[in-house]
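What follows is a short report on a single structure.
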Amino acid sequence: MCRLDKYLCDSGAGTRSQVKALLKAGRVTVDGVPEKDPGRKIDPERQSIALDGERLGGKRRLTVMLNKPAGYVTATEDPDQPTVMELLPPELRHLDLKPVGRLDKATEGLLLFTNDGDLLHRLISPKREVPKVYYARHEGRATAEDAEAFARGLELRDGTVCLPAKLEPLAEGESLITVCEGKYHQVRRMMASRGMTVCYLERRQEGGLTLEGLPRGAVRELTGQELLTLERLSGGDTVNMLEDI
């Protein structure tokens with residue numbers, strides 16, 4: 001049993017205030033009978049809940065992509081700093097979305113959110129994490145020797161061992177880095193271990209997803225095909241995937 005208003009929110013019908021208005025307008029029915037009481041207890045397994053005649057299905061599984069600007073911490077809440085949750089549109093904030101992994105406060109780019117717990121777990125699992133491509137501006141120029149060190153797998157100064165990664169020098173002070181895991185400040189620390197301090201970092205790709213057409217600070221829902229791609233990649237071998245990036 002659950003409250004009718006909570007069921008409506010979980011189904012994606014709207015925020016609490018929007019759901020209250022829908023109920024007041026008589027647009028919600030329980031077993032075909034209009035219901036205006038937000039606190040009514042319902043049994044979704046036995047009762048039919050509908051909005052404007054269309055049956056609702058309970059919690060709506062949702063995965064969205066944000067083009068994160070700098071200045072926001074990747075957390076669901078923080079007493080002192082703005083969080084990425086504040087960048088989600090109001091109509092999405094009640095759907096229990098959680099960030100998939102994290103980008104540090106200064107890093108920009110692609111950040112996923114989902115309320116699908118199984119997908120979230122698989123995407124952040126060290127054994128199944130999908131490849132992520134970063135663009136970095138840094139001190140110095142990356143060399144062939146640096147790229148070879150990344151390909152072997154780096155051991156950082158504190159003893160942290162990183163999986164094999166791809167380093168592609170673009171120009172003086174510019175590189176693309178592809179990793180298949182998400183250790184703390186990993187890309188910055190990997191570059192620093194080779195004498196290249198990163199001054200700007202942007203995640204440009206995760207699996208088959210890119211930032212194309214998504215302005216900084218904007219959010220969009222993933223398409224069905226994009227979700228299928230994520231499902232496939234999160235069930236594969238990340239080391240072998242690196243060869244395809």
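Tabulated data
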{"read-out": "Some residue of region 178-199 being over 15 Å from VAL133 (Cα atoms), among the small types (Gly, Ala, Ser), part of a strand (DSSP E or B) and out of contact with any strand residue (DSSP E or B) (no Cβ under 7 Å at 6 or more places or on another chain)", "value": "no"}
{"read-out": "Residue in region 54-70 that is over 30 Å from LEU110 (Cα atoms) and open to solvent by 40 Å² or more (accessible area, probe 1.4 Å) present", "value": "yes"}
{"read-out": "Any hit, region 119-134, residues being over 14 Å from the mean Cα position of the chain (by Cα), modelled with pLDDT of 85 or more and within 30 Å of VAL64 (Cβ to Cβ)", "value": "yes"}
{"read-out": "Region 71-93, subset assigned to a helix (DSSP H, G or I) and open to solvent by less than 30 Å² (accessible area, probe 1.4 Å), residue nearest to ASP10 (Cα to Cα)", "value": "LEU92"}
{"read-out": "Subset of region 201-245 (residues that are touching a Ser or Thr at 6+ places or on another chain (Cβ under 6 Å) and either modelled with pLDDT of 95 or more or surrounded by fewer than 11 Cβ atoms within 10 Å (Cβ to Cβ) (or both))", "value": "LEU201"}
{"read-out": "Condition met for ARG102 (within 30 Å of ALA151 (Cβ to Cβ), out of contact with any strand residue (DSSP E or B) (no Cβ under 9 Å at 6 or more places or on another chain), surrounded by fewer than 21 Cβ atoms within 10 Å (Cβ to Cβ) and touching a residue at least 60 places away in the same chain (Cβ under 8 Å))", "value": "no"}
{"read-out": "Per-region count, region 102-112, residues of a type in the set (A, V, I, L, M, F, W, C) and in a loop (DSSP other than H, G, I, E, B)", "value": "2"}
{"read-out": "Restricting region 47-70 to residues that are of a type in the set (A, V, I, L, M) and part of a loop (DSSP other than H, G, I, E, B), the residue that is farthest from GLY224 (Cα to Cα)", "value": "ALA70"}
{"read-out": "Residues of region 113-164 that turn out to be open to solvent by less than 80 Å² (accessible area, probe 1.4 Å), outside any helix (DSSP H, G or I) and either out of contact with any helix residue (DSSP H, G or I) (no Cβ under 7 Å at 6 or more places or on another chain) or more than 30 Å from GLU86 (Cα to Cα) (or both), as a count", "value": "18"}
{"read-out": "Every pair of residues 6+ apart whose Cβ atoms lie under 6 Å, when the first sits in region 105-132 and is over 17 Å from HIS185 (Cα atoms) and touching a residue at least 60 places away in the same chain (Cβ under 8 Å) while the second is open to solvent by 30 Å² or more (accessible area, probe 1.4 Å) and outside any loop (DSSP other than H, G, I, E, B)", "value": "ARG128/ARG122"}
{"read-out": "Among residues of region 7-34, those that are crowded, with 18+ Cβ neighbours inside 10 Å, part of a loop (DSSP other than H, G, I, E, B) and touching a strand residue (DSSP E or B) at 6+ places or on another chain (Cβ under 9 Å), counted", "value": "2"}
{"read-out": "Of all residues making up region 172-188, the number that are open to solvent by 30 Å² or more (accessible area, probe 1.4 Å) and over 22 Å from the mean Cα position of the chain (by Cα)", "value": "2"}
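The values are calculated or read from the model by the stated rules, or taken from the named source; none is laboratory data. In this text the structure is predicted, and so the values were computed from the model without any measurement. Because the Cβ atoms are built from the backbone with ideal geometry, glycine has one as well, and the counts that use them run over all protein chains shown. Just the protein is used for accessible areas: all its heavy atoms, side chains included, with ligands, DNA and RNA removed. Shrake-Rupley method; radii C 1.70, N 1.55, O 1.52, S 1.80 Å.
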